[in-house]
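A short write-up of the structure that comes next.
The values are calculated or read from the model by the stated rules, or taken from the named source; none is laboratory data. Fair warning: this is a prediction, and the values are worked out from it, not measured in the lab. Positions of Cβ are backbone-derived with ideal geometry, glycine not excepted, and every protein chain shown enters the neighbour counts.
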Amino acid sequence: MGFVFLGSYKPVFSHPTIFFRKRIGPSTSMAYNYAENKEEKPDPVKAEVKGNLPSWLHGTLLRNGPGMFTIGKTTYNHWFDGMALMQSFTFQDGEVIYRSRYLRGDTYKNNMAANRIVVSEMGTMAYPDPSKNLISKAITFLNNTVPDFTDNCGSNFIRYGKDYYATSETNYIRKIDPTTLETLDKVDYQKYVPVNLATSHPHYDKEGNTYNMGTSIAEKGKTKYIFFKVPATAAAETGKSSPALKRLEVISTVPCRSLLSPSYYHSFGMTENYLIFIEQPFKLDILKMATAYMRKVNWASCLKFSPEENTLIHLIDKKTGKEVGIKYYTDAMVVYHHVNAFEEDGHVIFDVIAYDDPSLYHVFYLDVLKQSSALDKCVPRCKRFALPVQTDMTLDVGEDMVKLKYTTASAVKDKDGKLHCQPEVLCENVELPRINYDFNGKKYRYVYLTCVGMSAVATKIVKFDNETKERIEWSEENCWPSEPVFIPRPNGEGEDDGLVLTSIINANPGESGFMLVLDAKSFTEVARAYVKTELYMDMHGYFIPFKDN
Ligand SMILES: [Fe+2]
């Protein structure tokens, strides 16, 4: 499983927008071929740099996403299902070196050995080869009644301690070598914490600890959400063979609303003192999942959205592991990505990219991607919620408890004493949010996002100012940018003192893709590095500064 973005471009805001465009773009007149198998380039490819890369930019930007969709005579149904293809852009001494390599997990190896898709993914159920005998088919069916999930980790990267892992959202992650992109150990979360699913969007604190959460399904008769912390392990304390995951600590468990239908979630929020978890009415039906193989439907069909139900917002005290005493809820929505969260004047404020329904997933079926008509259904909106934490709950029913001047977000007390939260819409048609991560959990101003138009392909990136609501955009004709990653300048001054990196698929005839480097303050080009090979559509990236290696 893995989710990206989509929406239709219907600007409704009158706030100022500054455009930086070369030629006349953006344009989606040319189509990206999502279904095509991409070729890996494991040997280093030196890029041709135009402009001057700052001397302080030393590190590797890892990117992850699906790259192979047809194996033998079989094809995945959904873009997210494709075999994980990792890319890296290494910046050193003004040069950029590019590599790409398929993740060689068990799923990849088994598929290659059979020359067909033999491991099921979220959108594609794999069935026995019709030429196999009956006993072999029966064993395959039995194995799939209690499915062993895929280790095709094509969504993101996570750092636990000193180790880097490719991840999707199953209980398996794959350790990788971030320099060569080689695939290393297969790690099962269940060895350390009983989760069947876990996010590929953890948080990190300034000490280097990693925080993540997962769902434990029907374990000892209970289904719950588990938050855990993996301490940054000092090199002196453990040898190379001892992963930081061995020191995993469970910091909180939140019971699920129902035993057999846990909420699907893709990320969560974190401030200095709190964890924010959105239990949305977009749920996995576990019984349906258990019988999906027999019924010849994919697992994605076992996800159900219930718009008549509320969305619960859980606010958990990190120190005690307990939820705060106030109950918060909002209307039904579907959230994949949290942007940031912070505390101020007795409130927790958090920003997310929210949809009215889960139709986003449907858009990324490879058949649907070939059409453009289905794309104006789902509009991603960046929404701000404010949760009063220190508040006088003796106030009257119907009263808004939010006392912040700068947001229209509200939290109105209902007759049961719960707070009904209504968000402020900050901006629309944006996804894949990134911030200056030094401001994660703190009051912040800037967010960098992709803008999505009348196509699944992002055509622009934007810097959005939460205070002034000003947008600055970058686009170029027939150029499709990836998630924009902010890199802070060492000892920089101000939140936007740094660079924004985005890899660009260039559909202009005769031109190659490039890594675009923007000055984050002005959102203007500093340099671009043309890679003389094809670049690919992907999901998420992780920057490793060289000092971390
Ligand atoms: Fe994501």
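Assorted remarks:
- Residues in the range 455-465 that are of a type outside the set (Val, Ile, Thr) and away from the ligand (no atom under 16 Å from the Cβ): Ser455, Lys460, Lys463, Phe464, Asp465.
- A residue that is in contact (Cβ under 8 Å) with a residue 24 or more places away in the chain, touching a Cys at 6+ places or on another chain (Cβ under 7 Å) and within 14 Å of Ser263 (Cβ to Cβ) cannot be found anywhere in the range 294-312.
- For the range 162-176, the set of residues classified as closer than 25 Å to Leu432 by Cα, away from the ligand (no atom under 16 Å from the Cβ) and either outside any strand (DSSP E or B) or in contact with a Gly (Cβ under 8 Å, 6 or more places away or on another chain) (or both) consists of Asn171, Tyr172, Arg174, listed by residue number.
- All positions within the range 172-212 that are closer than 13 Å to Pro231 by Cα and charged (D, E, K, R): Asp205, Lys206, Glu207
- Qualifying residues in the range 358-373 (those that are aliphatic (A, V, I, L, M) and within 16 Å of the ligand (Cβ to nearest atom)) - the one nearest to Met270 (Cα to Cα): Leu360
- The residues in the range 400-431 that are in contact (Cβ under 8 Å) with a residue 24 or more places away in the chain, surrounded by 16 or more Cβ atoms within 10 Å (Cβ to Cβ) and basic (Lys, Arg) can be counted, and the count is 1.
- All positions within the range 464-503 that are in contact (Cβ under 8 Å) with a residue 40 or more places away in the chain and of a type in the set (Gly, Ala, Ser): Ser475, Ser482, Gly498, Ser503
Residue-wise test of (1) within 16 Å of the ligand (Cβ to nearest atom); (2) over 28 Å from Thr180 (Cβ atoms); (3) surrounded by 18 or more Cβ atoms within 10 Å (Cβ to Cβ); (4) not β-branched (Val, Ile, Thr).
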| site | (1), (2), (3), (4) |
| --- | --- |
| Ile472 | no, yes, yes, no |
| Ser482 | yes, no, yes, yes |
| Ala507 | no, yes, yes, yes |
| Ser512 | no, no, no, yes |
| Ala520 | no, yes, yes, yes |
| Val531 | no, no, yes, no |
| Met537 | yes, no, yes, yes |
| His540 | yes, no, yes, yes |
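- Close contacts from the range 133-162, counting a first residue that is closer than 30 Å to Tyr204 by Cα and among the basic types (Lys, Arg) and a second that is modelled with pLDDT under 60 and within 16 Å of the ligand (Cβ to nearest atom), with Cβ to Cβ under 9 Å and a gap of 6+ residues or different chains, come to none at all.
- In this entry, Thr524 is excluded by the filter for residues that are in contact (Cβ under 8 Å) with a residue 60 or more places away in the chain, over 20 Å from Lys460 (Cβ atoms) and over 25 Å from the mean Cα position of the chain (by Cα).
- Subset of the range 423-447 [β-branched (Val, Ile, Thr) and closer than 10 Å to Ile353 by Cα]: Val425, Val430
- Residue within the range 362-374 that is in contact with a Ser or Thr (Cβ under 7 Å, 6 or more places away or on another chain) and either modelled with pLDDT under 95 or within 30 Å of Tyr34 (Cβ to Cβ) (or both) present: yes
- Failed item, numbered, when Ala84 is tested on (1) in contact with a helix residue (DSSP H, G or I) (Cβ under 8 Å, 6 or more places away or on another chain); (2) not in a strand (DSSP E or B): (2)
- Residue in the range 425-441 that is nearest to the chain's Cα centre (by Cα), counting only those that are assigned to a strand (DSSP E or B) and under 27 Å from Pro488 (Cβ atoms): Leu432
- Breaking point among (1) surrounded by fewer than 20 Cβ atoms within 10 Å (Cβ to Cβ); (2) at pLDDT 95 or above; (3) in a loop (DSSP other than H, G, I, E, B), for Lys38: (1)
- You will find that of Thr391, Thr407, the residue that is closer than 22 Å to Leu275 by Cα, part of a loop (DSSP other than H, G, I, E, B) and over 28 Å from the mean Cα position of the chain (by Cα) is Thr391 and no other.
- Residue match in the range 321-339 (condition: surrounded by 20 or more Cβ atoms within 10 Å (Cβ to Cβ), touching a helix residue (DSSP H, G or I) at 6+ places or on another chain (Cβ under 8 Å) and not charged (D, E, K, R)): yes
- Checked against (1) within 22 Å of Met213 (Cα to Cα); (2) among the acidic types (Asp, Glu); (3) part of a loop (DSSP other than H, G, I, E, B), Asp357 passes all but condition (1).
- Residue match in the range 280-290 (condition: closer than 27 Å to His540 by Cα and within 16 Å of the ligand (Cβ to nearest atom)): yes
- For the range 455-476, the candidate set comprises residues that are outside any strand (DSSP E or B) and modelled with pLDDT of 95 or more; within that set, the residue that is nearest to Phe523 (Cα to Cα) is Glu470.
- Neighbours by Cβ (under 6 Å, 6+ apart or cross-chain): first from the range 528-549, in contact (Cβ under 8 Å) with a residue 24 or more places away in the chain; second in a strand (DSSP E or B) and among the aromatic types (Phe, Trp, Tyr): Arg528/Phe514; Ala529/Phe514; Tyr530/Phe514; Val531/Tyr98; Tyr542/Phe157
- Leading residue by the ranking (farthest from the ligand (Cβ to nearest atom)) among those in the range 432-454 that are modelled with pLDDT under 95 and crowded, with 20+ Cβ neighbours inside 10 Å: Gly453
- Among the candidates Tyr336, Tyr355, residue that is within 27 Å of Phe464 (Cα to Cα), within 16 Å of the ligand (Cβ to nearest atom), touching a Ser or Thr at 6+ places or on another chain (Cβ under 8 Å) and not β-branched (Val, Ile, Thr): Tyr336
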